[in-house]
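Working notes, beginning with the structure itself.
The values are calculated or read from the model by the stated rules, or taken from the named source; none is laboratory data. The model shown is predicted, which means the values in this text are computed figures rather than measured ones. With ideal geometry, Cβ positions are generated from the backbone for all residues, glycine too; neighbour counts draw on all protein chains shown.
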Amino acid sequence: MDRENIKCLIIGGGPAGYTAAIYASRSGLSPVLYEGLQPGGQLTTTTDIENYPGFENGVSGQGLMDTMRSQAIRLGADVRNGIVTSADLSSRPFVITVDESHEIEAETLIIATGAAARYLGLPSEEKFKGMGVSACATCDGFFYRKKTVAVVGGGDTACEEASYLASICSKVYMIVRRDVLRASTAMQERVMNTPNIEILWNCNTREVLGDDMGVTGARLVRKDGEVFDIAVDGFFLAIGHHPNSELFSRWVKVDNEGYIVTDGKTSKTNVEGVFAAGDVQDPVYRQAITAAASGCRAALDAEKFLISQKHTEQ
């Protein structure tokens, strides 16, 4: 198996990874970035982004990622297609295997593998992703001002998303599979006291309905077997995210949900020379701009680490 040695390896091709590549390139670290299964990350499934600074009239998710990628390449980053299949972080240089055929010895490693939103697994849900089906109310809620939407879930995240959407939408349905909410008491009270939120208890989604223009409704089934339809313009999933950290969790510390734990406001993990950026270490905000900012921090932290190592060796 062939092997190469590099200063800075970045795993993940979303806003965190591309931004890390931009800053690492400017710092002379000659970064290599592997984009993984979904080049561009979750944003490539989003149509228009209205809240990323610098784009007065908005920008498509794919367009934003293409621009970041091109900028990283122009500045000298080596952006590659490939999937990391194994990692050994027991000692430096770290040994990373790509596509089970190529080994890399990395002096520093930036993990920017993101987090995947949990979906229901319905074919119709997949069909309308980016056309009314979304897993981020903060990202896409703006497009449904004064319209009717549905939120799936009964935890804190679902209540927060429903409350936010209720402030801009005419009506919000909450589709809850049980007869109680799992959310905190405060969040439950907020939802219960919001007049344009209607909770549909003991309901599961059987199908997302729509046409060539996008989502038009949802077909639900109650616990007692009753099947009925609701008319909605947007269908939001709020049943959690899954951080893509499994490959590294043997070495780096993760929390109970699998998010990589970083040290304070830095991107440092418990393994010296390994840094984490973006949604893989952020269970709270999960925004493109916060992911990009953490990618910047990771590259700067990696640069400082390499400088400190050089001084130590001298």
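Key figures
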{"read-out": "Asn193 vs. criteria surrounded by fewer than 16 Cβ atoms within 10 Å (Cβ to Cβ) and within 26 Å of the chain's Cα centre (by Cα)", "value": "no"}
{"read-out": "Val254 vs. criteria of a type outside the set (Lys, Arg) and over 28 Å from Ala20 (Cβ atoms)", "value": "no"}
{"read-out": "Breaking point among (1) surrounded by fewer than 22 Cβ atoms within 10 Å (Cβ to Cβ); (2) without any contact (Cβ under 8 Å) to a residue 40 or more places away in the chain, for Gln287", "value": "(2)"}
{"read-out": "Residue selected from segment 145-185 under the condition in a helix (DSSP H, G or I) and of a type in the set (Ser, Thr, Tyr), by the criterion surrounded by the most Cβ atoms within 10 Å (Cβ to Cβ)", "value": "Thr157"}
{"read-out": "Residue that is modelled with pLDDT under 95 and either of a type outside the set (Phe, Trp, Tyr) or at positive phi (or both), where the choices are Glu100, Glu107", "value": "Glu100"}
{"read-out": "Leading residue by the ranking (surrounded by the fewest Cβ atoms within 10 Å (Cβ to Cβ)) among those in segment 196-235 that are charged (D, E, K, R) and touching a helix residue (DSSP H, G or I) at 6+ places or on another chain (Cβ under 8 Å)", "value": "Glu207"}
{"read-out": "Inter-residue pairs, beta-carbon under 9 Å, first at positive phi and in segment 12-28, second in a helix (DSSP H, G or I) and among the hydroxyl-bearing types (Ser, Thr, Tyr), 6+ apart", "value": "Gly12/Tyr18"}
{"read-out": "Filter result for the condition that a residue is out of contact with any Asp or Glu (no Cβ under 9 Å at 6 or more places or on another chain), in contact (Cβ under 8 Å) with a residue 60 or more places away in the chain, within 23 Å of Asp88 (Cα to Cα) and buried (at least 17 other Cβ atoms within 10 Å of the Cβ), over Ala298, Ala292", "value": "Ala298"}
{"read-out": "Breaking point among (1) at pLDDT 95 or above; (2) over 20 Å from Gly12 (Cα atoms), for Gly58", "value": "(1)"}
{"read-out": "Matching option when the condition is assigned to a strand (DSSP E or B), buried (at least 21 other Cβ atoms within 10 Å of the Cβ), in contact (Cβ under 8 Å) with a residue 24 or more places away in the chain and not assigned by TED's automatic domain parsing to the domain that holds Glu161, among Phe275, Phe248", "value": "Phe275"}
{"read-out": "Of residues in segment 186-232 being free of Cβ contacts under 8 Å to residues at least 12 places away in the same chain and part of a strand (DSSP E or B), the one farthest from Ser134 (Cα to Cα)", "value": "Phe228"}
{"read-out": "Residue satisfying all of: in segment 119-141; in a strand (DSSP E or B) and of a type outside the set (D, E, K, R); surrounded by the fewest Cβ atoms within 10 Å (Cβ to Cβ) among these", "value": "Val133"}
{"read-out": "Single match in Ser70, Ser86 (criterion: of a type outside the set (A, V, I, L, M, F, W, C) and either surrounded by 15 or more Cβ atoms within 10 Å (Cβ to Cβ) or in contact (Cβ under 8 Å) with a residue 12 or more places away in the chain (or both))", "value": "Ser86"}
{"read-out": "Residue in segment 28-48 that is surrounded by fewer than 18 Cβ atoms within 10 Å (Cβ to Cβ) and aromatic (Phe, Trp, Tyr) present", "value": "no"}
{"read-out": "Residue in segment 99-118 that is crowded, with 17+ Cβ neighbours inside 10 Å and assigned to a helix (DSSP H, G or I) present", "value": "no"}
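Conditions (1) closer than 20 Å to Gly278 by Cα; (2) part of a helix (DSSP H, G or I), marked per residue:
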{"residue": "Leu33", "(1), (2)": "yes, no"}
{"residue": "Tyr52", "(1), (2)": "yes, no"}
{"residue": "Phe55", "(1), (2)": "no, no"}
{"residue": "Ser70", "(1), (2)": "yes, yes"}
{"residue": "Gly76", "(1), (2)": "no, no"}
{"residue": "Val79", "(1), (2)": "yes, no"}
{"residue": "Ser86", "(1), (2)": "no, no"}
{"residue": "Arg92", "(1), (2)": "no, no"}
